[in-house]
Amino acid sequence: MLQITNLHASIDDTPILRGIDLTINDGEVHSLMGPNGSGKSTLAKVMAGDEAYEVTEGSIVLNGQDLLELDPHERAAAGLFMAFQYPVEIPGVTMKYFMRTAMNSVRKNRGQEELDAYEYLSVVKERAATVKLDLELLDRPVNGGFSGGEKKRAEIFQMAMLEPSACVLDETDSGLDIDALRIVAEGVNTMRSPDRSFLVITHYQRLLSYIVPDVVHVLVDGKIARTGGKELALELEEHGYSLIEKGNAVDA
């Protein structure tokens, strides 16, 4: 379970998050929507441990561990996976080496044995197929020369390899054409399970036609302003964020 309680965060002494309360139970997919500047990506970065942001109050607890007490790599080892809007390139490190190192590090933290080369390649082929990722890309530097769609597929591939307990997707649909969007969504849907939770951050309802959420939250001015079912995303698509009045916050 992922539980965010009364989370306040700022950057350069400017408050961005003003009291986020959000609980995602195991097996649930929640979507977070909201206008530009509402704090959606700030929330993702704070969860990941971006040092540019200062948490002034609150907690983020994953399976009993307060993530705010952990370094970013420790958060990943604890089961948090973050897919960013703009995946970065890592020159000189191939995808194949990067993923084997990351995967075995996570397995060690879980008390599991490392995979040998044969076992690892077997898992790679299986998981790459779920997002139709060209295996030749694994011999390139991480995201090096990848198209926008390939970068997003590569992130979902990484998620499938690491098998996290909580997945945060920050505008994964950004820049994707309809075919790439469907492939990425299919990859996410194959990962849905009773012991894994998702937070899907997006501007638009179109992604939620493929990754159907259990709960939709609307973030306005750093607070959850409204929470509802999947039909809330359709309302926002039709009426825009003017549907949500600032200050009309409800419990998530």
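Scan segment 46-64 and tell me whether some residue there is within 20 Å of Ala154 (Cβ to Cβ), surrounded by fewer than 20 Cβ atoms within 10 Å (Cβ to Cβ) and under 18 Å from the mean Cα position of the chain (by Cα). Within segment 46-64, one or more residues are within 20 Å of Ala154 (Cβ to Cβ), surrounded by fewer than 20 Cβ atoms within 10 Å (Cβ to Cβ) and under 18 Å from the mean Cα position of the chain (by Cα).
Would you confirm whether or not segment 110-120 contains a residue that is of a type outside the set (Phe, Trp, Tyr), within 23 Å of the chain's Cα centre (by Cα) and either part of a strand (DSSP E or B) or on the phi < 0 side of the Ramachandran plot (or both)? Yes, some residue in segment 110-120 is of a type outside the set (Phe, Trp, Tyr), within 23 Å of the chain's Cα centre (by Cα) and either part of a strand (DSSP E or B) or on the phi < 0 side of the Ramachandran plot (or both). Checked against (1) surrounded by fewer than 16 Cβ atoms within 10 Å (Cβ to Cβ); (2) modelled with pLDDT of 95 or more, Asp12 meets all criteria but (2). Which residues, taken from segment 162-175, are buried (at least 21 other Cβ atoms within 10 Å of the Cβ) and either small (Gly, Ala, Ser) or over 25 Å from Ile4 (Cβ atoms) (or both)? Result: Ala166, single match. The set of residues in segment 129-152 that are without any contact (Cβ under 8 Å) to a residue 60 or more places away in the chain and outside any loop (DSSP other than H, G, I, E, B) comprises Ala129, Leu135, Glu136, Leu137, Leu138, Asp139, Pro141, Val142, Gly148, Gly149, Glu150. Set side by side, the residues Glu126, Glu155 differ, and just one is outside any loop (DSSP other than H, G, I, E, B), touching a residue at least 40 places away in the same chain (Cβ under 8 Å) and among the charged types (D, E, K, R), which is Glu155. Does Tyr86 fit the bill of being hydroxyl-bearing (Ser, Thr, Tyr), closer than 20 Å to Arg140 by Cα and modelled with pLDDT under 90? Against the criterion (hydroxyl-bearing (Ser, Thr, Tyr), closer than 20 Å to Arg140 by Cα and modelled with pLDDT under 90), Tyr86 qualifies.
Restricted to segment 65-83, and to residues there that are touching a strand residue (DSSP E or B) at 6+ places or on another chain (Cβ under 7 Å), surrounded by 17 or more Cβ atoms within 10 Å (Cβ to Cβ) and modelled with pLDDT of 95 or more, the residue that is farthest from Leu138 (Cα to Cα) is Leu67.
Listed here are the residues, each with its yes/no results for (1) closer than 26 Å to Leu17 by Cβ; (2) at pLDDT 90 or above; (3) charged (D, E, K, R); (4) part of a loop (DSSP other than H, G, I, E, B).
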residue: Ala180; (1), (2), (3), (4): no, no, no, no
residue: Gly187; (1), (2), (3), (4): no, no, no, no
residue: Leu199; (1), (2), (3), (4): yes, yes, no, no
residue: His203; (1), (2), (3), (4): yes, no, no, yes
residue: Leu208; (1), (2), (3), (4): yes, yes, no, no
residue: Val212; (1), (2), (3), (4): no, yes, no, yes
residue: His217; (1), (2), (3), (4): yes, yes, no, no
residue: Leu232; (1), (2), (3), (4): yes, yes, no, no
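Kindly check whether there is at least one residue in segment 218-225 that is under 17 Å from Leu43 (Cα atoms), surrounded by fewer than 20 Cβ atoms within 10 Å (Cβ to Cβ), of a type outside the set (D, E, K, R) and touching a residue at least 12 places away in the same chain (Cβ under 8 Å). No, the conditions are met nowhere in segment 218-225.
Given the residues Ile244, Ile211, Ile183, Ile178, which is the only one that is surrounded by fewer than 18 Cβ atoms within 10 Å (Cβ to Cβ) and either of a type in the set (A, V, I, L, M, F, W, C) or under 21 Å from Val61 (Cα atoms) (or both)? On inspection, the qualifying residue turns out to be Ile178.
The values are calculated or read from the model by the stated rules, or taken from the named source; none is laboratory data. The structure presented is a predicted model; accordingly, all values stated were derived computationally and were not measured. With ideal geometry, Cβ positions are generated from the backbone for all residues, glycine too; neighbour counts draw on all protein chains shown.
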